[in-house]
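Worksheet for the structure shown next.
The values are calculated or read from the model by the stated rules, or taken from the named source; none is laboratory data. Keep in mind it's a predicted model, so treat the numbers as computed, not measured. We place every Cβ from the backbone using ideal geometry, glycine too, and count neighbours over all the protein chains shown.
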Amino acid sequence: MSKVLIISENNATKEKYLKIFEGKFFILNNCSNEGELTKYIENDASDVYLIDCNNISCDIKHIIKKIKNIFENAQIILLLNSEIIDNEILSDVNAYILNNYSDNMIFNTINNCIKTKSKLDKLTTRNTDMKESLYRLNVLYNTSSQFSGTLDTKNLLTYMADGLERSLSFDLACTISFGFENEPVLIIHSLYDVSEELINALKFRAVLNYKSLFENKEIPFEIDDTKLKIVKDIKNPHEKFTFSVFQYDNIFAPIDLGDQFFGCIEIFRNKPFTSDDAAYFQTIVRQVSLPLKSAGLYKEIKEKNSELEKLERIKSDFVSIVSHELRTPLTPLKNALSILASGRCGNFNEDGIKFFDMAKRNVSNLTNIINDLLDISKIEAGKMLFKFKVMNIHSVIENVKNNFTNVAKEHNIAFSTQEQENLPDICGDSQRLEQILTNLVSNAIKFTPENKSITIKSKLCNSADIKPCKYFENEIQSLKGDYIVVSVKDEGIGMKEENILKAFEMFSQIENSLTRKVGGTGLGLPIVRHMVKAHKGVIWCESEEGKGSCFYFAIPVSIENMEIKTVQKEMV
């Protein structure tokens, strides 16, 4: 029912309006001074205020200001003898009624103001609801952004509690988490401090709530309230909650995703929760579930990676130790073979020479395998050393050519070089570059049948002119400037297109009858790739099954590699 307040010192005016509103479903009150007005305002609000300007001794402007300051939507009507009145006062009121107005006009004027007040109240309520909804949406957006920015379980639960606190203004929140540490944790976010007795009660309540979620079902995690670890976040530690907090309104929800369970949360608030509050609460709790799953997977991956890194270190150490231990007996064995080869122990017959050559060949193969293992061990440990200096690639190619000419003849393979004249210098480690080229030529001889050819080429290329096959395009795109490109082309068995990248994988051996025959560790090309990369270069391959392969590596000219020169000065 609408309320109208008359502010007048004239009893006749009061009687007139009481008569007009008689039986009209209005509550009509009256006051005659500012003190009585203040009393009415403090105890109850009216919809319409009638101010009798002709029969009031207090300041009209002051009364209007007081009403407007307290009740923004209040309707103020002036009762006037004539229309002559201060315009400033008229601008602050909603209507005026003259003495000569009929009762019907008076009633309609007041009734219209009451309707206006009702509409304004509804609009204000809607605006307030809209502001609250927009605020909550903003909190939800910011909270979701925080969820997506971390994979730490502790941070996720903290962001959830902060989002709920900002939007719902809870007094106390209790969250059971199974992913925080290695044991269940009860996280308490509280406006005030909590006593030890209250903590014990909260622990017991939280465990009961948790177990109630799995009636007649298997409980995912067994927990004991007496052993439940507590983590507290207290806003105001100078005051304490009492057990009366259990009389507050509360909302409870599990934190889960399908059949995956991460915990549960209960919040308490002295002010009752609305249905909108409950829906918002459920939304934020659901929002945190997926990031918690991701955080659990991330934690699991980190632990697995840590285990793998440990195993990798153990493997590298083992390879290094075993390689050194194998190399130790090889040294006297090689020395013994050298003494036998010198003839100081007598000459061999035909069978002796055959077995002697077999021993030399196997010692050499074993030495190469051990060297590969040691190199890969150094690469994985980041301990492979390089001694860079300004040099010319011609000397490397010439040394490799001299070393393999007789080997190629023994296999009836034509071996040649085609070098571009006057190639510029590069900045490199000559020993490592020779190892790279030796490995490529050695592989070519292994996989090239008799009466075929192997060719080493060198030339100067700009990075824009290097066009590799599709598997190496990304690596070549990073090159800039001029490079010396060295290639080893053979007419061997070649590879299928899908196997080209496999050739550079560690311990990879492309299966066919010839590879099984020639054997090997599968470490050569991975080692070569690392050495080329250390020279700020790239390596790539072109191959066709049954027609042969061509391996290329590109090293920047020395002008483009001044950084490596500086490293050389520090290392020498």
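Here are some notes:
- Against the list (1) of a type in the set (Asp, Glu); (2) at pLDDT 70 or above; (3) farther than 30 Å from Gln260 by Cβ, the condition Glu380 fails is (2).
- When Glu183 is tested against the conditions (1) part of a helix (DSSP H, G or I); (2) within 27 Å of the chain's Cα centre (by Cα); (3) farther than 25 Å from Val139 by Cβ, the lone failure is (1).
- Residue within segment 237-244 that is at pLDDT 90 or above, touching a Ser or Thr at 6+ places or on another chain (Cβ under 7 Å) and in a loop (DSSP other than H, G, I, E, B) present: yes
- Helices (runs of 4 or more DSSP H) wholly inside segment 9-71 that include at least 1 residues being of a type in the set (S, T, N, Q) and more than 21 Å from Lys117 (Cα to Cα): 11-20
- Identity of the residue in segment 102-148, of a type in the set (Phe, Trp, Tyr) and within 30 Å of Val288 (Cβ to Cβ), that ends up farthest from the chain's Cα centre (by Cα): Tyr135
- Here the condition is being outside any strand (DSSP E or B) and not assigned by TED's automatic domain parsing to the domain that holds Met531; of Ile436, Ile379, Ile397, it holds for Ile379 alone.
- Just one of the listed residues (Val407, Val390) is of a type in the set (A, V, I, L, M) and part of a helix (DSSP H, G or I), and it is Val407.
- Only listed residue being surrounded by 12 or more Cβ atoms within 10 Å (Cβ to Cβ) and within 25 Å of Pro291 (Cβ to Cβ), chosen from Leu202, Leu213: Leu213
- Some residue of segment 533-546 being modelled with pLDDT under 65, out of contact with any Asp or Glu (no Cβ under 9 Å at 6 or more places or on another chain) and under 20 Å from Ile379 (Cβ atoms): no
- Candidate set from segment 434-472 (those that are under 20 Å from Asn392 (Cβ atoms) and of a type in the set (Lys, Arg)); member that is surrounded by the fewest Cβ atoms within 10 Å (Cβ to Cβ): Lys459
- Within segment 437-454, residues that are of a type in the set (Ser, Thr, Tyr) reach partners that are part of a loop (DSSP other than H, G, I, E, B) with beta carbons closer than 9 Å, at six or more positions or on different chains, in the pairs Thr448/His411; Thr448/Ile413; Thr448/Glu491; Thr448/Gly492; Thr448/Ile493; Ser453/Ile413; Ser453/Glu491.
- Segment 452-486, subset polar (S, T, N, Q), in contact with an Asp or Glu (Cβ under 9 Å, 6 or more places away or on another chain) and outside any helix (DSSP H, G or I), residue modelled with the lowest pLDDT: Asn462
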